[in-house]
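Engineer: Provided herewith is a single structure, encoded as structure tokens, for subsequent inquiry.
The values are calculated or read from the model by the stated rules, or taken from the named source; none is laboratory data. Quick caveat, the model's predicted, so the values are computed rather than measured. Here the Cβ positions follow ideal geometry from the backbone for every residue, glycine too, while neighbour counts run over all protein chains shown. The accessibility values were calculated without ligands, DNA or RNA, using every heavy atom of the protein model including side chains. Shrake-Rupley method; radii C 1.70, N 1.55, O 1.52, S 1.80 Å.
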Amino acid sequence: MLKKYTTLIIAVTLILGVCGDSYGQKNKIEKANKEFDKFSYIDAREIYLKVVEDGYESAQVFQKLGDTYYFNGEYKDAASWYRKSIDKFPLKTEPLYYYRAAQSFKSLGNVEESNELMLMFQTLGGSGLVAKEYDVSDETDYLASTAFGNKKYIFEKVSINSDGSDFGPSFYLKQLVFAKAAEGTTGDKVHEWNQQPFLDLFAADMDENGVLSNVNPLPGDINTKFHESSTSFSQDGGTVYFTRNNFTDGKKGRDKDKTIRLKLYKATRSGDSFWTNIVELPFNSNDYSVAHPTLSKDEKRLYFASDMPGTIGMSDIWYVEILPDGMYGDPVNLGPTINTEARETFPYISNANNMYFSSDGRSGLGGLDVFATALDEKGEPGPIVNMGEPVNSGLDDFGFILNEETKIGYLSSNRSGNKGSVSDDIYRIKEECAISITGIVTNRDTGAVIPNATVNLLDSDNNIIDTVTSGVDGAYAFNETAACSSTYLVRGKSESCDYHEELVETPSATRGIEVPLALKCDPCPANDLGCRLALNPIYFDFDRYNIRPDAELELAKILVAMREYPQLIIHIESHTDSRGVDSYNEALSEKRAQSTLGWLVEKGIAKSRLSAKGYGEYQLQNQCSNGVKCTEEEHQLNRRSMFIIQN
């Protein structure tokens, strides 16, 4: 087991850990730089909140409130409002809201609640695809679903492993460089503790599928009679940072306890492959270890593991700025977001700007586990995700690297041996297939294509995987972005259109799938307050003008809007169906208009802010005019009040 192996090599040096290396997500809210719309100050969320404060409740209100938080990644509040809808109005809560509630609770780490809601989602007729993949009653299953779980991939030992320790892979052009303790290393002695040769760096050719062959020592001056391991190469392949025992100019350095620590060194390439000009980095010390380097994507920052003063735990991840003159800034601890009281070690930064690292200070499967976090534009970590099985096991897993474009990665692990084993091996990970998702974004009511719509692809944990914009023809595409046999949400949104999402289960083999998105777009005239607040119609009974209980809830929304925005002046339009003579319907509609106005005045709205008029049967919503046979439900659509914002 490398933990013991390297601990003896450099004693506490692998306090750094063996030698080894985010949805909430917030949805992006696009704010157009446009002239102020005089009606844009009406905030539906605030209206609904005030309606609830006034004692009016409904499934629609709770669900709309939940949506306003859910689609902005505010899952705590989303979970609360969805839960209220489910508890108080279970028969009026559609399966979709059980799913969104489950996603919200899952994002909060409430696995048990999420599981129960997913089961209800399935029971009530929602798609069983998500529920099938969502069994997180066991922590191991949950961790397995965080990253590589539910994907079809190859996970196998590489053929170049030796009988000794092989670990710490890194990408170098079309090769893989790694540390090996085997015959052929530079030192002519074996380590007295395990009778294995000292570590050297080797390079293997790597084909397009990640298969390795033709292993040779790294040429040049890097390998010595002591230990070298864990490298990071510049993108042009001309510079390498690597780890070595405290050994400079032929002399061993020791701390006050006579322990040989780890240090970082830099080398440059001469010619095609010869490594020379070995330089020790200035922030090394005889008194602590600095090891396991990785360059940032822009190569302006070098991250590493160290137990230098200021370390939170046994070892932390640190970084230094690489200055334009080739010098280095002072070491900076990456902080408690990523570092714990235990070991964080072997960082690796991918071309997608994700950091993978190993830790035994977080909940995992045992030993060192690999975790992942997305770095922001400043190089700071975001939410931490456990990579789950099979990347992680019950033993030590470290030195994880991944090319996210080719979907090929490598990992160091001692999982094949028993606990206490010194044998570390390198494993290859390759996703077997990838799915392209394409579709057309359209207006649900008119069928017209919608250009410039924002389309998000979200995984089963509600993390945004990718975002694209529909073209002039309404088409969008996620090209080979999704994994096979996995569950995703495809979510569309456009200006003046509601969010719409489709639940997708990808097939088990590589191919493309089509997922059309039909968005419900706002048909509301700019001055139609009822439409803008998604009011249910204010309906009246046949030949009546009293305010029904169901209408009071809708009027409560108008009431709150007028309280919140004193500048609102409303005109009430009331209508009848076509039955009865025209003159009678004119009088009846006027009574309905005045009844609606009177309800608002009784609640404290100044009459000067209101006007009302009855329009009889002259503005029907459907075909039910005089002499046309219609159902009661069809006639009901015409007995209504509307609310128009006045200039």
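Engineer: Inside region 569-596, can you point out the residues that are open to solvent by less than 60 Å² (accessible area, probe 1.4 Å) and within 24 Å of LYS557 (Cβ to Cβ)?
Structural biologist: The answer is ILE570, HIS571, ILE572, GLU573, SER574, HIS575, THR576, SER589, ARG592, ALA593, SER595, THR596.
Engineer: For region 259-271, which residues satisfy the criterion of being within 37 Å of the chain's Cα centre (by Cα) and open to solvent by 10 Å² or more (accessible area, probe 1.4 Å)?
Structural biologist: LEU262, LYS263, LYS266
Engineer: Same structure, new question: Please give the number of the condition GLY399 fails out of (1) open to solvent by 10 Å² or more (accessible area, probe 1.4 Å); (2) at pLDDT 90 or above; (3) at positive phi.
Structural biologist: (1)
Condition check ((1) within 27 Å of ASN647 (Cα to Cα); (2) in a loop (DSSP other than H, G, I, E, B)) across all residues:
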site: ASP550; (1), (2): no, no
site: LEU555; (1), (2): yes, no
site: LEU559; (1), (2): yes, no
site: ARG579; (1), (2): no, yes
site: SER583; (1), (2): no, no
site: THR596; (1), (2): yes, no
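Engineer: Still on this model: I'd like to know if region 527-549 contains one or more residues that are at pLDDT 90 or above, touching a strand residue (DSSP E or B) at 6+ places or on another chain (Cβ under 7 Å) and of a type in the set (A, V, I, L, M). First the steps, then the outcome.
Structural biologist: If we filter region 527-549 for residues that are at pLDDT 90 or above, which is where we start, we get none.
Checked against the condition, which is being at pLDDT 90 or above, touching a strand residue (DSSP E or B) at 6+ places or on another chain (Cβ under 7 Å) and of a type in the set (A, V, I, L, M), region 527-549 yields no hits at all.
Engineer: Under the condition of being closer than 23 Å to GLY55 by Cα and not in a loop (DSSP other than H, G, I, E, B), which residue from region 598-612 is least open to solvent (accessible area, probe 1.4 Å)?
Structural biologist: If we filter region 598-612 for residues that are closer than 23 Å to GLY55 by Cα, which is where we start, we get 598-606.
Narrowing the set further to residues that are not in a loop (DSSP other than H, G, I, E, B) leaves 598-602.
Details: GLY598: 23, TRP599: 20, LEU600: 0, VAL601: 55, GLU602: 155 Å².
Ranking the candidates gives LEU600 first.
Engineer: When PHE643 is evaluated against the numbered criteria (1) open to solvent by 30 Å² or more (accessible area, probe 1.4 Å); (2) modelled with pLDDT under 90, which criterion, by number, is the only one it fails?
Structural biologist: Condition (1) is where PHE643 drops out.
Engineer: Considering each of PHE242, PHE178, PHE274, PHE202 in turn, give the residue that is more than 20 Å from PHE304 (Cα to Cα), crowded, with 22+ Cβ neighbours inside 10 Å, of a type in the set (Phe, Trp, Tyr) and modelled with pLDDT of 90 or more. Please lay out each step first, then the result.
Structural biologist: Details: PHE242 fails: more than 20 Å from PHE304 (Cα to Cα); PHE178 fails: more than 20 Å from PHE304 (Cα to Cα); PHE274 fails: crowded, with 22+ Cβ neighbours inside 10 Å.
Every option except PHE202 fails the conditions.
Engineer: Quick one: which of GLU405, GLU321 is over 21 Å from the mean Cα position of the chain (by Cα), farther than 24 Å from ASP166 by Cα and among the charged types (D, E, K, R)? Steps first, answer last, please.
Structural biologist: On the way: GLU405 fails: over 21 Å from the mean Cα position of the chain (by Cα).
The match here is GLU321.
Engineer: Determine, yes or no, whether ASN479 is over 18 Å from ASN443 (Cα atoms), part of a loop (DSSP other than H, G, I, E, B) and of a type outside the set (A, V, I, L, M). Even if it seems obvious, please write down each step before you answer.
Structural biologist: Numbers: over 18 Å from ASN443 (Cα atoms): yes; part of a loop (DSSP other than H, G, I, E, B): no; of a type outside the set (A, V, I, L, M): yes.
Considered against the rule, which asks whether it is over 18 Å from ASN443 (Cα atoms), part of a loop (DSSP other than H, G, I, E, B) and of a type outside the set (A, V, I, L, M), ASN479 comes out as no.
Engineer: For region 331-366, which positions are under 18 Å from SER232 (Cα atoms) and either touching a helix residue (DSSP H, G or I) at 6+ places or on another chain (Cβ under 7 Å) or of a type in the set (Lys, Arg) (or both)?
Structural biologist: Within region 331-366, the subset under 18 Å from SER232 (Cα atoms) is 331, 344-358.
Within region 331-366, THR345 is the sole residue that qualifies.
Engineer: Surrounded by 15 or more Cβ atoms within 10 Å (Cβ to Cβ), of a type in the set (Asp, Glu) and in a loop (DSSP other than H, G, I, E, B) - does that describe any residue in region 303-311? Write out each step before concluding.
Structural biologist: We begin by selecting, within region 303-311, every residue surrounded by 15 or more Cβ atoms within 10 Å (Cβ to Cβ); these are 303-308, 311.
From what is left, the residues that are of a type in the set (Asp, Glu) are 307.
Remaining after also requiring in a loop (DSSP other than H, G, I, E, B): 307.
Yes, there is a match, as at least one residue in region 303-311 is surrounded by 15 or more Cβ atoms within 10 Å (Cβ to Cβ), of a type in the set (Asp, Glu) and in a loop (DSSP other than H, G, I, E, B).
Engineer: Ok, one more. Report every pair of residues separated by at least 6 positions or lying on different chains whose Cβ atoms are under 7 Å apart, first residue within region 280-299 and under 17 Å from THR231 (Cα atoms) and modelled with pLDDT under 95, second of a type in the set (Lys, Arg) and open to solvent by 20 Å² or more (accessible area, probe 1.4 Å).
Structural biologist: Partner pairs satisfying both residue conditions: SER289/ARG261.
Engineer: Anything in region 50-78 that is closer than 17 Å to LEU489 by Cβ and not in a loop (DSSP other than H, G, I, E, B)? List them, or say none.
Structural biologist: Hits for region 50-78 are GLY66, ASP67, TYR69, TYR70, TYR75, ALA78.
Engineer: Between a first residue in region 552-581 that is closer than 11 Å to ARG609 by Cα and a second residue that is part of a loop (DSSP other than H, G, I, E, B), which pairs have beta carbons less than 7 Å apart while being 6 or more apart in sequence or on different chains?
Structural biologist: MET562/LEU568; MET562/ILE605; ILE569/GLN646; ILE570/GLN646; HIS571/GLN646
Engineer: Scan region 489-542 for residues that are crowded, with 18+ Cβ neighbours inside 10 Å, closer than 25 Å to PHE62 by Cα and touching an Asp or Glu at 6+ places or on another chain (Cβ under 6 Å) and jot them down.
Structural biologist: LEU489, VAL490, ARG491, LEU535, ILE538
Engineer: Taking region 208-230 on its own, how many of its residues are open to solvent by 10 Å² or more (accessible area, probe 1.4 Å), touching a Lys or Arg at 6+ places or on another chain (Cβ under 7 Å) and under 16 Å from PHE171 (Cβ atoms)?
Structural biologist: 1
Engineer: Scan region 532-541 and tell me whether some residue there is outside any loop (DSSP other than H, G, I, E, B), under 23 Å from GLU53 (Cβ atoms) and not hydrophobic (A, V, I, L, M, F, W, C).
Structural biologist: Yes, region 532-541 has at least one match.
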